[in-house]
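The values are calculated or read from the model by the stated rules, or taken from the named source; none is laboratory data. As the structure is a prediction and not an experimental result, all values here were calculated from the model. Positions of Cβ are generated from backbone atoms using ideal geometry, with glycine treated the same way; all protein chains shown enter the neighbour counts. In case anyone asks, the SASA skips ligands and DNA or RNA and just uses the protein heavy atoms, side chains included. Shrake-Rupley method; radii C 1.70, N 1.55, O 1.52, S 1.80 Å.
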Amino acid sequence: MRILAFSAAILVAVFSLANAQGEDVVFVQPPSHTGPYGEDYTFVCKLDLSAGPLPSLVWQRNSAEISNDPGEYIVIHTPNAANNSVESRLTIVDAQADDKGAYDCKHANGNLGAFTITLDVYQDYEVKIEGDTVLEEGVDLTLTCKVDGSATTEVTWTKGSDDLPDDDRYVLKANNTLMIMEPVLGDAGVYTCTYMANNMEFAANVTVGEPLDLTGLKSVKYTEGERARFECSSTSKPKPTITWTKENGTLDDERFETEEKMKGQTFISTLLLIGVKMSDRGNYICTANNGVDEATHTIFLRVRDRLAALWPFIGIMAEVIILIAIIFIHEKCTQGGDVGDDDEDDEAMEPIKGGAGDEKPNSDGEGDVRMRASKE
């Protein structure tokens, strides 16, 4: 890991010199640079003259003028006739150990003396920690610290801001290896490996923690216009960071809000959706990461129509209307069949009218007797 030890703030140094023509001022920004090898470092020098011809500036090192050489130095002069001033920039390209030291900015004719700036560069060391950072109770955990790829350089281990716990389970082995024997949940935390060189610290750290757990509902159902609420929770240590996304969509809409809170040992992240629409239907994903492990959980949003509560009533009313219609039609058909049967009955009961010679039946059979007598 590259550590850039630059100045805490950009400073402006002012150097004043007097001559016969008045007050002339040299500004240099910044007065010094400190950083690792291989970087480019730029200094700015500006000379303001109260009077006289437009000034010119030169950069020197060890009394020798620095010329523009893109592979080593870049010098850019910018005169400003309106202000009777000139600005000069010196960039030291790909600074190495032999570039350390003092650099002078001065007036070309040498009358105003010089303003000195300094460059301090150092070798940068890459510190890296390798090993499994997921803590499983009872399973030995091993971390190895390497400096520029080597595990032979002497380093120091710390947990958090303190030394390693005074516990026999913490064992420092060869090749900058830290082993935690039969770890427990209390061993979770940030472990730092530090290497010292040239009175400077180079360090790397890792977070050791338990496997990440993440829980939430599988689906939620809301009616159009309501406020939807999605929750994901975790009890893992260290506490995770939880982010929300929508599958095949974005959460850029101002209707979305997020809330976070601790409830006992449980961390809860909530996504709120104001004024649910049918188009909001879909999968919403919460992703948790605690620097040790990562987990995701998906919640499906179902959206009901605003009039959904009326559909059962409308269905019942439709069934009643259909039933009434069936009964009415049935009654009409039944009444039509009864009228036909009555006509048939009337025809059956109507007496048969015979010819002139026909005799009407007599209840005492007298007609039949007369007919037989005549035949005889």
- Message: Given the criteria surrounded by 11 or more Cβ atoms within 10 Å (Cβ to Cβ), touching a Gly at 6+ places or on another chain (Cβ under 9 Å), in contact (Cβ under 8 Å) with a residue 24 or more places away in the chain and acidic (D, E), does D280 qualify?
- Response: yes
- Task: Report, by residue number, each residue of region 118-148 that is in a loop (DSSP other than H, G, I, E, B) and touching a residue at least 24 places away in the same chain (Cβ under 8 Å).
- Result: Q123, D124, Y125, E126, T133, L135, E136, E137, G138, V139, D140
- Query: Does T192 fit the bill of being out of contact with any Pro (no Cβ under 9 Å at 6 or more places or on another chain) and farther than 30 Å from T177 by Cα?
  - Reply: no
- Among E182, E126, E137, E154, the single one that is charged (D, E, K, R) and in contact with a helix residue (DSSP H, G or I) (Cβ under 8 Å, 6 or more places away or on another chain) is E137
- Note on the structure: Exception for Y103 within (1) open to solvent by less than 30 Å² (accessible area, probe 1.4 Å); (2) within 30 Å of I180 (Cα to Cα); (3) hydroxyl-bearing (S, T, Y) falls at (2)
- Note on the structure: Of the residues in region 132-148 that are of a type in the set (D, E), surrounded by 11 or more Cβ atoms within 10 Å (Cβ to Cβ) and in contact with a Pro (Cβ under 9 Å, 6 or more places away or on another chain), the one that is nearest to E201 (Cα to Cα) is D140
- Enumerate the strands (runs of 3 or more DSSP E) found wholly within region 173-247, keeping only those where 3 or more residues are more than 22 Å from the chain's Cα centre (by Cα) and hydrophobic (A, V, I, L, M, F, W, C). 177-180, 189-197, 200-208
- Task: Filter region 251-268 down to residues that are in a loop (DSSP other than H, G, I, E, B) and among the charged types (D, E, K, R) and give me whichever is most open to solvent (accessible area, probe 1.4 Å).
- Result: E254
- Message: Taking the criterion of being assigned to a loop (DSSP other than H, G, I, E, B), farther than 30 Å from S63 by Cβ and open to solvent by less than 30 Å² (accessible area, probe 1.4 Å), would at least one residue in region 160-167 satisfy it?
- Response: no
- Note on the structure: Picking from A114, A151, A174, the residue that is of a type in the set (A, V, I, L, M) and either open to solvent by 50 Å² or more (accessible area, probe 1.4 Å) or touching a residue at least 60 places away in the same chain (Cβ under 8 Å) (or both) would be A174
